[in-house]
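K.L.:
Below is a structure I'd like to ask you about.
The values are calculated or read from the model by the stated rules, or taken from the named source; none is laboratory data. Being a predicted model, the structure only gives us computed values, none of them experimental. Using ideal geometry, Cβ is built from the backbone for each residue, glycine included, and neighbour counts are taken over all protein chains shown. Heads up: the accessible areas ignore ligands, DNA and RNA and are worked out on the full protein's heavy atoms, side chains in. Shrake-Rupley method; radii C 1.70, N 1.55, O 1.52, S 1.80 Å.
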Amino acid sequence: MDYKETLLLPTTAFAMRGNLINNEPKRYAAWDEKNVYQKMKEHRRGAESFTLHDGPPYANGHIHIGHALNKVLKDIIIKHNYFNGKSVRFTPGWDCHGLPIEQQVEKKLGGKKKKEQLETAEIRKLCREHAAKFVDIQRGEFKTLGIIADWEKPYVTMDYKFEANIYRTLCAVAKKGLLIERSKPVFWSWAERTALAEAEVEYEDKEDYSIFIAFELNDDAKAKLGIEGKAAPVIWTTTPWTIPANTGISLNPEEKYVLTTDGYIVAKELLNSLVENGVINGTIEKEFDAKAFENLIAINPLNNRESRLVLGEHVLVDNGTGCVHTAPGHGEDDYRVGLVYNLEVVMPVDETGCYDESVVGLKLIPNAEEFVGKHIFKSNEALIELMGDAVLKVDKFMHSYPHCWRSHTPLIYRATKQWFISVDGTPDGESKTLREIALDEVEKTQFIPETGRKRLTSMVENRPDWCISRQRDWGVPIAFFRVKATGEVLLDEKVLNFVAMIFEMQGSDAWYSMDIAQLLYPGSGYKPEELEKVTDILDVWFDSGSTWNSVLKSRNYDAGEYPADLYVEGSDQHRGWFQSSLFLSTAVQHKAPYKGVLTHGFTVDEKGEKMSKSKGNVIAPEKVLKEYGSEILRLWVASSDYQGDLKISQGILKQTSESYRKLRNTFRIMLANINDLETLTPYEEMGDLDKWILSEASKTLAEVHKQFSEYNFVNGMSTLNNFIVNELSGMYIDMTKDNLYCNTQNSPRRRASQSAMAMITKTLLTLMAPILTYTADEIVENAPAIIKGNAEDIFAMTYEALPAIEIPFDAQYMVKAREGFGSVVDKLKKEKVIKSTLELVIYTESKTTLDMSRIDAEDWFVVSGIFEDKPEENELGSFQVDEDTFTIAKATEHKCPRCWKYQSQEEDIPCSRCSEVVGA
């Protein structure tokens, strides 16, 4: 007889191989067709809400692995909350204005000069087309990652209503009294001809001059100090090109300064190092308090203009001379001290980084005509030469220097008339400054990881006023009217609302295509010819920083609640989106736009190196999908520690693929084992092994669920994998094979083990669904009703924790016993004494083991018998647990041809259990 036909072998339609590459796109298309996102909203109508607000990527180019990491992580978090029973909202967005897009259009046109020949309206039209194209491309690419979102109605910052709301946010900031226009030095990209914000600045190495210059005191100053002969404060600078704009020299008010015997004035603290470095040679002739120099005049050796000596807290004495060259048009500290002492702000540099006509008019440089139109960085050598003997020492050195994030050219500080949000201003109706409100809100916010709090706090504490104006074409205009006669800006609410209404209907392009008469509110009281338009546009960080208003607070999207529960972005956004959003929300609403902030690191190769085309270590999402499928990429995200940089490579993806295979096969064997189960056995009627695995699963899956709820996916996955590999697959599935395959179909013992597996499968399925959504949905499609009930797909299911269950035996003891048994078995198999553990029996006086149901104890070790007596012969080995000895011997009965246990009385005749089953 072929006994195989009588076995209840596992069977399921859930395939062993996922064939993800071919099957994922079909399932994702089906999700799209039945509008799964909408169904998710319907399933959770009236439930507690969860809002994750999407930080917008640039609609510029294809997505890279960093985009994939970010969106997959958000998707996992959203779905975890969804399967926890919450009503989730995720409206994806795109940043559509700004320099990156304008640059691409410029490149297509054939360069800056070609672009400058076009009208602003035409440039903006081309930028809009470019952004729209990449919104569609990226939306398609994100969908291939299995990301579910409101793809039908994403937010796009160039949509007309959106632009109107960005503008309304600007008007709200102005209404709070925080918007100011002033001449102030800002980071300036001469390559891009625009001001930049802090978040648009990157630091790269640059070679610069290190130059020491003597500024001789005038006769009045010497007389007041009682000095005769030579007396010159020595300044140190790395930017000789700023010397023409010098109007002051700053000293530290707390330091002592000395006049040396060779006629130079420096901080006493720095004298020795200056002598050692050969800058000066003299010894101390006279000592002064810094205050003695306040408001005295020195002479600029380049142009003989006056340079006032002032006191400033910003002056340090850890290097240099203690006398700081001060040009208020070229530095933040210089500007601040200049305000205190009313120093002239000289700005002889044009938008392209070249000296302008003012060097002639103000006589800032000898032979000034030769310098007009000359780039400042190409003028250093000539300026040094013109200063002659006043230059005491010249060197060159490498240092970290601010560069433009797009053109990677060195930046300059340049005083221009710009629009700022006053960080130390007090919003109308508040007693605290904007900075103080923002700091209070940071304190209330949850940070994952917690280190983010310190980082954001430090940035908020130290940031200058936010320069929000840009001198470019593609962005939301700072659409204000200025009175020509007085320079006053009209901030009349009706005038502003009228412009916002036009933007809502026609987009902000209207500012360029319509004349003032059409844009001006009819009852403004002004004639169009009396006004002019402000031509600056908003910093693109203002666009994304105001999305809490344009998306969450407006009624244009079903995007969730304000403030959002969570913002999730890369750790560089502490200085970018987290901060811009925080300042705009606290300026207008006096609270943070988020309750929590989660940051992730960046993707690097397996050696921890940054990805670059030149290194050939770039891994594109598209390539991963073609080779492995999106489930592998998603599992990689969940299994990586996102709090640091995330390593990805072919080797890492292969390992992840292997982990996926193990997970899939675990689900498959459990589905196959429960294929005919229709009713769950009550816990009380289950066997010892079933209670044990349910107890282990309950504790472990609850711990994993807790870790996932804390967004600690890497530890959750590690805990889960350990459980699956060890207790579930390595032990329980192995232990229950005989019970499941060889007992009668409706045997209570078999149904109990099936029930335990079904309960674990259901909880495990909804626990893993946020990460492996495709696979979870495929499982539901192939699962029996005992798992899915009436659910037509995974999205109709909710996570349910397993009940806490007590184990009826000492599990810790029995696990040790199984391990001890395993060590002896490994040796026996190696020596080819046995092929299977079913050839063995165990003799022991262990009360813990003998108190178990005898058949459960046999299955625990997967042996053919557990006996209390000592064996007479065939002893093969032994092991101990605590004080108990376990002796292993060869089974003396015959091998059952059906179950393969050595429990038959005669050869080739089934054991009594199998005879009964077959006979039945």
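K.L.:
Counting other Cβ atoms within 10 Å, which GluC sites (Glu not before Pro) in the stretch 850-889 have at most 12 and lie in a DSSP loop?
P.N.:
Those that pass, being in a loop and sparsely packed, are GLU868, GLU872, GLU873, GLU883.
K.L.:
Please report, as a whole percent, how much of the solvent-accessible surface of the stretch 465-563 comes from carbon and sulfur atoms (probe radius 1.4 Å).
P.N.:
Answer for the stretch 465-563: carbon and sulfur cover 48 percent of the accessible area.
K.L.:
Would you please give the residues with an amide H less than 5 Å from that of ILE147, counting only those at least 5 places away or on a separate chain, with H modeled from the backbone geometry?
P.N.:
none
K.L.:
Quick check on the chain: of the DSSP beta bridges with both residues there, what percent are antiparallel, nearest 5%?
P.N.:
Antiparallel: roughly 70 percent of the beta bridges in the chain.
K.L.:
Just order 906-914, 779-787 by mean Cβ neighbour count inside 10 Å, highest at the front, would you?
P.N.:
779-787, 906-914
K.L.:
What is the log10 of I(q)/I(0) for the stretch 758-845, computed with the Debye formula using one identical point scatterer on each Cα and no solvent, at q = 0.26 Å⁻¹?
P.N.:
Calculated log10 I(q)/I(0) at the listed q: -1.26.
K.L.:
Further question: For the chain, list the cysteines whose Cβ sits under 4.7 Å from no other cysteine Cβ?
P.N.:
Result for the chain is CYS96, CYS127, CYS171, CYS323, CYS354, CYS404, CYS467, CYS914, no neighbouring Cys Cβ within the cutoff.
K.L.:
What does the charge dipole of the stretch 786-863 about its Cα centre add up to, to the nearest 20 debye, if the Cβ of each Lys and Arg holds +1 and the Cβ of each Asp and Glu holds -1?
P.N.:
In debye, rounded to 20, the stretch 786-863 gives about 520.
K.L.:
At a probe radius of 1.4 Å, what is the per-residue accessible area of ASP208, in Å² to the nearest 10?
P.N.:
10 Å²
K.L.:
Based on the Cα atoms of the stretch 181-254, what semi-axes does the equivalent ellipsoid have, where each is the square root of 5 times one gyration tensor eigenvalue, given in whole Å with the largest first?
P.N.:
After scaling each eigenvalue by five and taking roots: 35, 16, 11 Å.
K.L.:
Using the 2.2 N^0.38 Å rule of thumb for compact globular proteins, work out how the chain stacks up: its C-alpha Rg over that value, please.
P.N.:
1.28
K.L.:
Let me ask another. If N is the number of residues in the stretch 456-507, what value comes out of its Cα radius of gyration divided by 2.2 N^0.38 Å?
P.N.:
Dividing the Cα Rg of the stretch 456-507 by 2.2 N^0.38 Å gives 1.58.
K.L.:
Could you tell me which of GLY55, ALA68, ASN84 has its Cα farthest along the dipole of the stretch 34-107 towards the positive end, charges placed at Cβ (Lys, Arg +1; Asp, Glu -1), taken about the Cα centre?
P.N.:
ASN84
K.L.:
Among the GluC sites (Glu not before Pro) within the stretch 21-128, which fall in a DSSP loop and have no more than 16 other Cβ atoms within 10 Å of their own Cβ?
P.N.:
GLU48, GLU119
K.L.:
Further question: Can you give me the three principal axis dimensions of the stretch 353-492 from its C-alpha atoms, in Å, biggest first?
P.N.:
Dimensions of the stretch 353-492 along the principal axes of its Cα atoms: 58, 48, 31 Å.
K.L.:
Still on this structure: I need the Debye-formula profile for the stretch 606-748: one equal scatterer per C-alpha, no solvent, reported as log10 I(q)/I(0) at q = 0.09, 0.14, 0.20 1/Å, two decimals.
P.N.:
Values, matching the q order: -0.40, -0.81, -1.26.
K.L.:
Please work out the C-alpha center-to-center distance from the stretch 621-637 to the stretch 668-706 and express it in whole Å.
P.N.:
Taking the Cα centre of the stretch 668-706 as reference, the centre of the stretch 621-637 is 31 Å away.
K.L.:
Longer than 18 Å from Cα to Cα, which of LYS74/LYS591; LYS691/LYS737; LYS4/LYS895; LYS112/LYS184; LYS71/LYS143; LYS206/LYS374 are they? Say none if no pair is.
P.N.:
Pairs exceeding 18 Å: LYS74/LYS591; LYS112/LYS184; LYS206/LYS374.
K.L.:
How large is the accessible surface per residue of the chain, computed with a 1.4 Å probe and reported in Å² as a whole number?
P.N.:
About 42 Å² of surface per residue is accessible.
K.L.:
Same structure again: Checking understanding here: applying a Kyte-Doolittle mean of at least 1.0 and a length along the axis of at least 18 Å (C-alpha), which whole DSSP H helices in the chain pass?
P.N.:
Qualifying helices: none.
K.L.:
Any idea what the dipole of the stretch 267-330 comes to, in debye rounded to 20, about its Cα centre with Lys/Arg Cβ at +1 and Asp/Glu Cβ at -1?
P.N.:
The dipole magnitude comes to about 240 debye.
K.L.:
Tell me whether the stretch 548-625 comes out rounded, prolate or oblate; compute the Cα gyration tensor, take square roots of the eigenvalues as a ≥ b ≥ c, and use a/c under 1.5 as the rounded threshold.
P.N.:
Verdict is prolate for the stretch 548-625.
K.L.:
Find which of VAL279, GLY177, THR239 sits farthest along the positive direction of the dipole of the stretch 160-283, computed with +1 on the beta-carbon of Lys and Arg, -1 on that of Asp and Glu, about the Cα centre.
P.N.:
After comparing all options, I get GLY177.
K.L.:
Could you give the alpha-carbon Rg of the stretch 423-547 over 2.2 N^0.38 Å, rounded to two decimals?
P.N.:
1.34
K.L.:
Same structure, new question: Could you please put VAL360, VAL540 in sequence from largest to smallest accessible area, using a 1.4 Å probe?
P.N.:
My answer, sorted largest first, is VAL360, VAL540.
K.L.:
Only Lys, Arg, Asp and Glu count, each charged at its Cβ (+1, +1, -1, -1), so figure out the dipole size of the stretch 363-415 about its Cα centre, rounded to 20 debye.
P.N.:
320 debye
K.L.:
Of the trypsin sites (Lys or Arg not before Pro) in the stretch 262-357, which ones lie in a loop per DSSP and count no more than 10 other C-beta atoms within 10 Å?
P.N.:
In loop regions of the stretch 262-357 (DSSP not H, G, I, E or B), there are no sparsely surrounded trypsin sites (Lys or Arg not before Pro).
K.L.:
Once a ≥ b ≥ c are taken as the square roots of the eigenvalues of the Cα gyration tensor of the stretch 528-683, is the result rounded (a/c under 1.5), prolate (a/b larger than b/c) or oblate (a/b not larger than b/c)?
P.N.:
Note, shape of the stretch 528-683 comes out oblate.
K.L.:
Taking only Cα atoms of the stretch 427-486, what ratio of Rg to Rh do you get with Rh as the Kirkwood inverse-distance radius?
P.N.:
1.15
K.L.:
Still on this structure, please answer the following. Considering the dipole of the stretch 229-295 built from charges on the beta carbon (Lys and Arg +1, Asp and Glu -1) around the Cα centre, which of LEU251, TYR264, ALA290 is farthest to its positive end?
P.N.:
TYR264
K.L.:
Continuing with this model, one more query. Helix-derived [θ] at 222 nm for the chain: sum -39500 (n - 2.57) over DSSP H runs of at least 4, divide by residue count, nearest 500?
P.N.:
Helix-only estimate at 222 nm: -11500 deg cm²/dmol.
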